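Below you'll find the structure, written out as structure tokens, and then a few comments.
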Amino acid sequence: MPDHRNMKWPAHNLKKARAADRRKLAEWLAERELDGLLNDAGGTTTGSEPPADAGASNDLYVRDTVRAGDIRLLMPRSGLGAIDSPVYVAALPGGVAEEVVAVPFGRYAVPALPTEWKTGMKQAALRVLCFWNAHRVAVDQFPPSWRVKRLTARQVTAWTEVRCQVEQGSELPGGVQNRIGPPLLHPADPRHAYVAEEQERVNPYFTAGKVNALTTSEEEGLYLTEWRSDPVDWLMAAEGREKYGVAAFIYATEDEAVVVAVYEEETDRVRVRIMNRDGFLCHRFDGGHVESIAGGRSAPIRSGLTTAPTRMVSSLEYIVDRSGQRVRLQRRYRETPNS
């Protein structure tokens, strides 16, 4: 087991977002919400159908040699679960002979992250490339697939150049900057859940769950996944202002099993969420309370939620269960968004 006590925690000096990034995030959130509504209604998010003989033997599929410049549809896996949309990948040059880099296309028409890029292609399934989820693979080990399109030599060169620019993380040319997604700054941003879904959808084809080196953040540590809320709450998540969902204070128990996130309000009380390390509401302390150094108490915790006086939230010391047992809290950071 990793020693979570020594892990790095998310940085809190957040830059003010560009208006363009806020617009991109709003567009992505709207598409994400629609996707969720379709799933809840028992619909499908698939943009196209695989060939009719998709259930046949694996041996029938890779008849042709995979080459850099191919766009390929991977043969559907059994037991896909909830995320069952077809997986299309672009095979880009791998830098060595007999190797390519498989870059998956995303499910949405809007790039979610700075490591996702709009290709400009009209086909619904080929609109956004996810460089963060790329996999280097030997040609003879490429998953069973169909070639559905060939890029021109010029496109191969251009896409490879964009991939290198995005991976290096340096200042991007305007034409590239305008076609990537907004920054991902806050640990509870809904896009972390999206990243996990995409890894579940794509990675088993290549790595049996291995996490890629090019991820959405250079920070290791606690990433809280999304909870159901009004998408409007996240319209400026890239900016990091508390009003849009950023916790003003983060505390954790000594074993890192429970996180206490405090959301400041413009009143004499604040909202407090008690979560597990995956970001979901934790009921372990329901009936208890959080307590400050001076002995001030919150309202009773119910379903992982409570409120507390504003004056005490910067000095929380314990979270107490219904039996009165105290668990010491350690303060991790206070958000200080730029104005």
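Just the residues that are under 12 Å from ARG136 (Cα atoms) and in a strand (DSSP E or B), please, taken from segment 95-106. Listed by number, the residues that qualify are GLU99, VAL100, VAL101, ALA102, VAL103, PRO104. Just give me the residues in segment 175-197 being closer than 21 Å to GLY120 by Cα, surrounded by fewer than 21 Cβ atoms within 10 Å (Cβ to Cβ) and touching a residue at least 24 places away in the same chain (Cβ under 8 Å), in sequence order. Across segment 175-197, the qualifying residues are VAL176, ASN178, ARG179. Of the strands (runs of 3 or more DSSP E) lying entirely inside segment 257-315, the ones with 1 or more residues being more than 23 Å from the chain's Cα centre (by Cα) are found at 269-276, 289-292, 305-309.
The set of residues in segment 124-144 being surrounded by fewer than 16 Cβ atoms within 10 Å (Cβ to Cβ), farther than 14 Å from GLY95 by Cβ and over 24 Å from the mean Cα position of the chain (by Cα) consists of ASP140, GLN141.
Screening GLU116, GLU167, GLU171, GLU200 for residues that are under 13 Å from the mean Cα position of the chain (by Cα), exposed (fewer than 15 other Cβ atoms within 10 Å of the Cβ) and under 30 Å from ALA247 (Cα atoms) leaves exactly one candidate, GLU200. Annotation: of all residues in segment 58-106 being of a type in the set (Ser, Thr, Tyr) and loosely packed, with under 13 Cβ neighbours inside 10 Å, the one that is modelled with the highest pLDDT is THR65. Residues in segment 275-299 that are modelled with pLDDT under 90 and surrounded by 20 or more Cβ atoms within 10 Å (Cβ to Cβ): MET275, GLY279, CYS282.
The values are calculated or read from the model by the stated rules, or taken from the named source; none is laboratory data. No experiment lies behind these values; they were computed from the predicted model shown. Quick reminder, even Gly has a Cβ in these numbers, built from the backbone with ideal geometry, and neighbours come from all protein chains shown.
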